Amino acid sequence: MPIHQLPPQLVNQIAAGEVIERPASVLKELLENSLDAGATEVDIDLEQGGIKLCRVRDNGVGIAGAELPLALSRHATSKIGSLEDLERVASLGFRGEALPSIASVSRLTLLSRQRGEGQAWAVESTGAERDEARPAAGLEGTSVEVRDLFYNTPARRRFLRAERTEYSHLEKVARQISLSRFSVAIRLNHNGKRVLNLPVARSLEEQERRVASVCGKEFISHALYVEHELGDLRLRGWIARPTFSRSQPDLQYFFLNGRAVRDRVIVNAVKQGYRDVLFHGRHPAYVLYLEMDPAYVDVNAHPAKHEVRFRDSRSVHNFVRRTIESTLAETSAGMNAAQPAAGLPAGAAERPRDRAGEFNHPQPSLRFGAGRQGIAESSHLYRALTATSAAANEGESASGDIPPLGFAIAHLHGVYILARNSEGLVIVDAHAAHERVTYERLKGAYLGAGPDEAGGVQRQPLLIPLRVNVSTAEADLAEANADKFASIGLLVERGGPETLTVREIPVLLRNANAEALLRDVLSDLGETGASDRVEDACFDLLATMACHGSVRANRNLSLDEMNALLRAMEATERSDQCNHGRPTWTQLSMQDLDRLFQRGR
């Protein structure tokens, strides 16, 4: 065929193929328009999984009657007007393609009344046909009614799933939007039945209640609140403890300046933040909000705006990863790791460190620094706690200086430590707890061993340098990031246009596959601008050492050894979980025990 201009209706349907995949796509676009209009209340009405009807009503600023037909035209928007606006997009929508794309594959009615105006206006569109705006009755705000989606594109309609499946996608979108704006009340009806009613959430308690209604009460009960600010970056939200991990990444919500995104840089940053505390193959759960200057992020990288592009992805990656790492590091058993354990001598709660020479001890005795001294100096507390008294029977602590995990009273079957604290009974998995303590000490010794002369971790020269054939782009990448390679213990030199030579590797990885490690690091650098492959490999090796070097089952521990382990847990980062993500301890309060034995009934 000769070159010709496509008809406007066909252009809109092509655009609809990029933006409108199913009824959930329609709902997402309409809800984002309502939020951009400043709405504080949004009502959603659905019928037959949104295929027959999808109506969104809001109390936003509204649209002038004369602008209604223009709102259904392509590339018509009130949100940007210049290139400068495009470089600092703060709204959820800006392309002006959503409404005309939806109208091209449905029967659409747009009804709106501007704030302060006494008259509402409406316009209807059916495929290629569009009526003129007419006066109508309506409240302040905008109502968009979409009926018979894909009625004029039978092939697209055949790809739709069953009503229940389509509705599940719609509900997911509504819940996602409800998490993005706590200042907006959202009500959802399906086939005339109210299924979602979320009021405005202003206080932190109300916001947690909304999060619980979307993600479940179990999530919020296992969640840690995060709030950190660095320069123009601010991260807040909730991350679930590692013990609440998921088999699928189905409980992960991330919002950038109020926009729901699923960006590879962010996903990797969160994954790295959970390093050392999750089972392999498990996924963390989180609801996080990142705020930053819109000028430093490009939201125009994907037709549906699911993905974004950061100008400095490395700094964003590091900020998110370190914030999550520091939050999880504070989950010491029974207390905040930054606070010294009550009843311990000064300095006993500092992060323990071992010497690098202790790496290869196969089954060391339990040595926890100030642990024995702490027990000796706190023996009067131990006697006060274990003594039978009226105060203890009434559930009152014998002393206000009892450590969070209390004092050991028995070693059950050589596996579990039973301890008594002011709340009731503490049960500790001795192997898992010792594994975490040992692992954190090995990491501290490894990271604190000191850099070599060239900077970075300690390196070992290869007897025969390894030549690796790579692409020109990879060779350029390695040459440009030589300092990064050196900082992680790899001395890499360029030996030709498509050749790299590995001359030194980290001491701990002297038996590793250097070529595979190099290629993995190059892949990470090309993807996110940073790489934790070497550190991950070293930490995996240290975790194996910690596992093999920790106390085994059926090894009877003395009271001093058990109490020393409890004190070490209180002073160790991430001691709520072992290196594999399993919990190390649990608490049964007196109320829990009373319920178990039905006391008072």
Q. When you go through 430, 449, 475 one by one, which is the residue that is modelled with pLDDT under 90 and either under 19 Å from residue 578 (Cα atoms) or not assigned by TED's automatic domain parsing to the domain that holds residue 277 (or both)?
A. 449
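Please tell me if residue 184 is in contact (Cβ under 8 Å) with a residue 60 or more places away in the chain, surrounded by 14 or more Cβ atoms within 10 Å (Cβ to Cβ) and farther than 18 Å from residue 291 by Cα. First the steps, then the outcome.
Working: in contact (Cβ under 8 Å) with a residue 60 or more places away in the chain: yes; surrounded by 14 or more Cβ atoms within 10 Å (Cβ to Cβ): yes; farther than 18 Å from residue 291 by Cα: yes.
Judged against the criteria, residue 184 is a match.
Return the residue satisfying two criteria in turn: it lies in the stretch 1-35 and is assigned to a loop (DSSP other than H, G, I, E, B) and not aliphatic (A, V, I, L, M), and of such residues it is modelled with the highest pLDDT.
First, the residues of the stretch 1-35 that are assigned to a loop (DSSP other than H, G, I, E, B): 1-7, 20-22.
Among the residues that remain, those that are also not aliphatic (A, V, I, L, M) are: 2, 4-5, 7, 21-22.
Numbers: 2: 88, 4: 83, 5: 83, 7: 82, 21: 86, 22: 91.
Ranking the candidates gives 22 first.
Considering each residue of the stretch 52-93, count those that are of a type in the set (Ser, Thr, Tyr) and either within 26 Å of residue 118 (Cβ to Cβ) or over 34 Å from the mean Cα position of the chain (by Cα) (or both), and give that number.
Qualifying residue count for the region: 3.
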Q: Say whether the condition of being modelled with pLDDT under 95, in the same structural domain as residue 282 (by TED's automatic domain parsing) and among the basic types (Lys, Arg) is met by at least one residue in the stretch 206-224.
A: yes
Q: Looking at (1) surrounded by 14 or more Cβ atoms within 10 Å (Cβ to Cβ); (2) in a strand (DSSP E or B); (3) more than 12 Å from the chain's Cα centre (by Cα), find the lone condition where residue 236 falls short.
A: (3)
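Listed here are the residues, each with its yes/no results for (1) crowded, with 18+ Cβ neighbours inside 10 Å; (2) among the hydrophobic types (A, V, I, L, M, F, W, C); (3) touching a strand residue (DSSP E or B) at 6+ places or on another chain (Cβ under 6 Å); (4) not assigned by TED's automatic domain parsing to the domain that holds residue 461.
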{"residue": "491", "(1), (2), (3), (4)": "yes, yes, yes, no"}
{"residue": "495", "(1), (2), (3), (4)": "no, no, yes, no"}
{"residue": "510", "(1), (2), (3), (4)": "no, no, yes, no"}
{"residue": "516", "(1), (2), (3), (4)": "no, yes, no, no"}
{"residue": "521", "(1), (2), (3), (4)": "yes, yes, no, no"}
{"residue": "525", "(1), (2), (3), (4)": "yes, yes, no, no"}
{"residue": "531", "(1), (2), (3), (4)": "yes, no, no, no"}
{"residue": "574", "(1), (2), (3), (4)": "yes, no, no, yes"}
Q) Has the stretch 258-274 got any residue that is out of contact with any Phe, Trp or Tyr (no Cβ under 9 Å at 6 or more places or on another chain) and of a type in the set (S, T, N, Q)? A) yes
Q.
Let me spell it out: the conditions are (1) within 19 Å of the chain's Cα centre (by Cα); (2) not assigned by TED's automatic domain parsing to the domain that holds residue 274, and residue 174 meets all of them except one. Which number is the exception?
A. (1)
Q: Would you confirm whether any residue within the stretch 525-536 is part of a helix (DSSP H, G or I), closer than 30 Å to residue 476 by Cβ, touching a residue at least 24 places away in the same chain (Cβ under 8 Å) and of a type in the set (Gly, Ala, Ser)?
A: yes
(Q) Report every pair of residues separated by at least 6 positions or lying on different chains whose Cβ atoms are under 7 Å apart, first residue within the stretch 296-325 and crowded, with 20+ Cβ neighbours inside 10 Å, second at pLDDT below 85 and of a type outside the set (Val, Ile, Thr). (A) 299/305; 308/301; 313/529; 317/530
Q. Only one residue in 218, 208, 229 is surrounded by fewer than 20 Cβ atoms within 10 Å (Cβ to Cβ) and either among the β-branched types (Val, Ile, Thr) or farther than 26 Å from residue 583 by Cα (or both). Which one?
A. 229
(Q) Looking at 395, 456, can you tell me which residue is surrounded by fewer than 18 Cβ atoms within 10 Å (Cβ to Cβ) and either at pLDDT below 90 or not assigned by TED's automatic domain parsing to the domain that holds residue 279 (or both)? (A) 395
Q.
So, restricting to helices (runs of 4 or more DSSP H) that lie completely within the stretch 135-217, which ones have at least 1 residues that are farther than 27 Å from residue 254 by Cβ?
A. 154-158, 163-180
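The values are calculated or read from the model by the stated rules, or taken from the named source; none is laboratory data. Small disclaimer: the values here were computed from a predicted structure and weren't measured. As a convention, Cβ positions derive from the backbone with ideal geometry for all residues, glycine included, and neighbour counts pool all protein chains shown.
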